[in-house]
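The values are calculated or read from the model by the stated rules, or taken from the named source; none is laboratory data. Bear in mind the structure is a predicted one, so any value in this text is a computation, not a measurement. We place every Cβ from the backbone using ideal geometry, glycine too, and count neighbours over all the protein chains shown.
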Amino acid sequence: MQRPKVAIFSTGGTIVSSAASSTQLTNYAIRDFTPEALLASVPSISDVAEIEIVPVANIPSSCIDEATWVKLARAIDAALARDEVAGAVVTHGTDTMEETAYFLNLVLETRKPVVLTGSMRPSSALSADGPLNLLNAVRVAACPGAADRGILITLNGVINAARSTMKSNSISVETFRAPEYGALGFVVGDEVEFVTRVEKPHTAETEFSPDDFSSGAPRVDIVLAHAGDDGLFVRAAVEAGAEGIVHAGCGHGTISKKMEAALFDAASKGVVVVRASRTPTGPVLRSLDRWSDAGFIPAGTLSPQKARVLLQLALAKYPGDAAEVARIFRTY
Ligand code: ASP
């Protein structure tokens, strides 16, 4: 029987990490466990798809940067432009998986399935979750019904959407959740089922491409609100050359008086300010007139780290143009 071809793009993470013993579940590292060894640990994958492995990086995902995103996006677009490749899987550390997934969701040209997966337990662990996560991700990537749904994240049998999903637990295998919007579907055994879809434009429907970062990504810093904050990090970001600042405010994106003064000052120098929230659920919408009058843009339902990705792409395309950035935040 002809099997679909799935390309696996490896970037590192816990799924290819190992520790000294099978009960060591933290403080592991990427050593000599390769993507090929991971694949060999799940022989039944060959019943589902013909696989080709494309190495992109071999790093913990806390070290992912914009250059790696661009390299990954270009590699995926090139592979999926080939008729014989049905879908893509990206193996990735879970720590920043949601940011890479959202970047790909905004820049990839393809409508074929692209699925990010990883693991919470290292390959050496008792009950390591990587092998089943990889098999499930390949099943989803090989499934025609997974096409044109935007970039997907599949761990622990749950299929989530890049835009709405966050890492919600620092150690549990059930970590990726979309608390307000729910999962898109599930994969159990050989069944892949979708129950809902995403409304926001993604992949081939967006105005973005990996080329938007071809001369480097604009500097955008995230500043977290906290009791006693005084705007120091906003001033430091401006001095470091930030073109944009995402303020992860309290509750509905609120801003302390001292922070407000620093952000007004930043905005007056042409830095585009986005108001997000450190509170994980609920939107940040238009609020006080003085913030809107200063050009602060509400992040809507994007987390601070996803708002940063969108702000970088928006500024790369429309440098310093707060009106275009505001339109982009309303759209994506
Ligand atoms: N440290 C890991 C990473 O690369 C965590 C993981 O993959 O689960 O993000």
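Do we find that Ala79 is within 16 Å of the ligand (Cβ to nearest atom) and within 21 Å of Asp211 (Cβ to Cβ) in this structure?
no
When Val158 is evaluated against the numbered criteria (1) within 16 Å of the ligand (Cβ to nearest atom); (2) within 24 Å of Phe33 (Cα to Cα); (3) among the β-branched types (Val, Ile, Thr), which criterion, by number, is the only one it fails?
Only one criterion is unmet by Val158, namely (2).
Among Ala227, Ala236, which is the only one that is modelled with pLDDT of 95 or more, aliphatic (A, V, I, L, M), closer than 26 Å to Ala294 by Cβ and part of a loop (DSSP other than H, G, I, E, B)?
From the options Ala227, Ala236, the qualifying one is Ala227.
Of everything in the range 300-320, what is outside any helix (DSSP H, G or I) and under 19 Å from Val107 (Cβ atoms)? Give them in sequence order.
Leu302, Ser303, Tyr318, Pro319, listed by residue number.
Can you tell me how many residues in the range 188-209 are closer than 12 Å to Arg149 by Cα and among the aliphatic types (A, V, I, L, M)?
Summing the residues that are closer than 12 Å to Arg149 by Cα and among the aliphatic types (A, V, I, L, M) in the range 188-209 gives 3.
Could you pull out every one of the strands (runs of 3 or more DSSP E) wholly within the range 20-134 that has 3 or more residues that are touching a strand residue (DSSP E or B) at 6+ places or on another chain (Cβ under 7 Å) and either over 21 Å from Leu152 (Cβ atoms) or in contact (Cβ under 8 Å) with a residue 60 or more places away in the chain (or both)?
85-91
Go through the residues of the range 272-286 one by one and say whether even a single one is of a type in the set (Gly, Ala, Ser), in a loop (DSSP other than H, G, I, E, B) and farther than 19 Å from Glu180 by Cα.
no
Among the residues of the range 5-36, write down those that are away from the ligand (no atom under 16 Å from the Cβ), out of contact with any helix residue (DSSP H, G or I) (no Cβ under 8 Å at 6 or more places or on another chain) and closer than 26 Å to Leu104 by Cα.
Listed by number, the residues that qualify are Lys5, Glu36.
Inspect the range 201-208 for any residue being among the hydroxyl-bearing types (Ser, Thr, Tyr), outside any loop (DSSP other than H, G, I, E, B) and closer than 27 Å to Leu313 by Cα and give the result as yes or no.
Among the residues of the range 201-208, at least one is among the hydroxyl-bearing types (Ser, Thr, Tyr), outside any loop (DSSP other than H, G, I, E, B) and closer than 27 Å to Leu313 by Cα, which makes the answer yes.
Conditions tested, residue by residue: (1) in contact with a helix residue (DSSP H, G or I) (Cβ under 9 Å, 6 or more places away or on another chain); (2) modelled with pLDDT under 95; (3) surrounded by 24 or more Cβ atoms within 10 Å (Cβ to Cβ).
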| position | (1), (2), (3) |
| --- | --- |
| Gly241 | no, no, no |
| Ile245 | yes, no, yes |
| Met259 | yes, no, no |
| Lys269 | yes, no, no |
| Ala294 | yes, no, no |
| Thr301 | no, no, no |
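From Ala161, Ala147, Ala204, which residue is at pLDDT 95 or above and either closer than 25 Å to Pro298 by Cβ or buried (at least 19 other Cβ atoms within 10 Å of the Cβ) (or both)?
Ala161
Rundown of residues vs (1) polar (S, T, N, Q); (2) buried (at least 20 other Cβ atoms within 10 Å of the Cβ), yes/no style:
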position: Val85; (1), (2): no, yes
position: Glu109; (1), (2): no, no
position: Val114; (1), (2): no, yes
position: Pro122; (1), (2): no, yes
position: Asp129; (1), (2): no, yes
position: Leu132; (1), (2): no, no
position: Asn136; (1), (2): yes, yes
position: Arg139; (1), (2): no, yes
position: Leu155; (1), (2): no, yes
